[in-house]
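Reading through the structure tokens given below for one structure.
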């Protein structure tokens, strides 16, 4: 299983970025190989519109099954739902800590009603 986590830096020790579409980095943890991949999201951060949709496409292209983030907007929510990627928000601490919280079932799964983009 692959899990994407929004982060402010490119390592598992980086702090979770509370934004999805404009997150600095998208970190992907592969449970099978217990490895991390870092995806620079500069293009998403600097785009005028559609940052969440672009980030959702990047996550989908990497065959991610779950996303862990601080908050997510409604357009990104819809894009991820269409790609059958589960979304968990409210993550805090480092990416490694957020991954542990996800695995422990401590994060709330996002629903359409709370996909607002608010932090």
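The values are calculated or read from the model by the stated rules, or taken from the named source; none is laboratory data. Please read all numbers here as calculations on a predicted model, not as lab measurements. Note: ideal-geometry Cβ built from the backbone for every residue, glycine included; neighbour counts use all protein chains shown.
Which numbered condition trips up residue 72, out of (1) surrounded by fewer than 23 Cβ atoms within 10 Å (Cβ to Cβ); (2) part of a loop (DSSP other than H, G, I, E, B); (3) in contact (Cβ under 8 Å) with a residue 12 or more places away in the chain?
Status for residue 72: all satisfied but (1).
Tell me, which residue of the stretch 75-84 that is farther than 15 Å from residue 17 by Cβ and either within 10 Å of the chain's Cα centre (by Cα) or assigned to a helix (DSSP H, G or I) (or both) is modelled with the lowest pLDDT?
Once the filter is applied, the top-ranked residue is 75.
Here's the yes/no breakdown for (1) at pLDDT 95 or above; (2) surrounded by 15 or more Cβ atoms within 10 Å (Cβ to Cβ); (3) under 17 Å from residue 95 (Cβ atoms):
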position: 7; (1), (2), (3): yes, yes, yes
position: 28; (1), (2), (3): yes, yes, yes
position: 35; (1), (2), (3): yes, no, yes
position: 41; (1), (2), (3): no, yes, yes
position: 51; (1), (2), (3): no, yes, no
position: 54; (1), (2), (3): no, yes, no
position: 68; (1), (2), (3): yes, yes, yes
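Just give me the residues in the stretch 85-119 being modelled with pLDDT under 85, outside any helix (DSSP H, G or I) and exposed (fewer than 15 other Cβ atoms within 10 Å of the Cβ), in sequence order.
Result: 111, 116, 118, 119.
Which of the residues spanning the stretch 82-96 are out of contact with any helix residue (DSSP H, G or I) (no Cβ under 7 Å at 6 or more places or on another chain) and without any contact (Cβ under 8 Å) to a residue 24 or more places away in the chain?
82, 84, 86, 90
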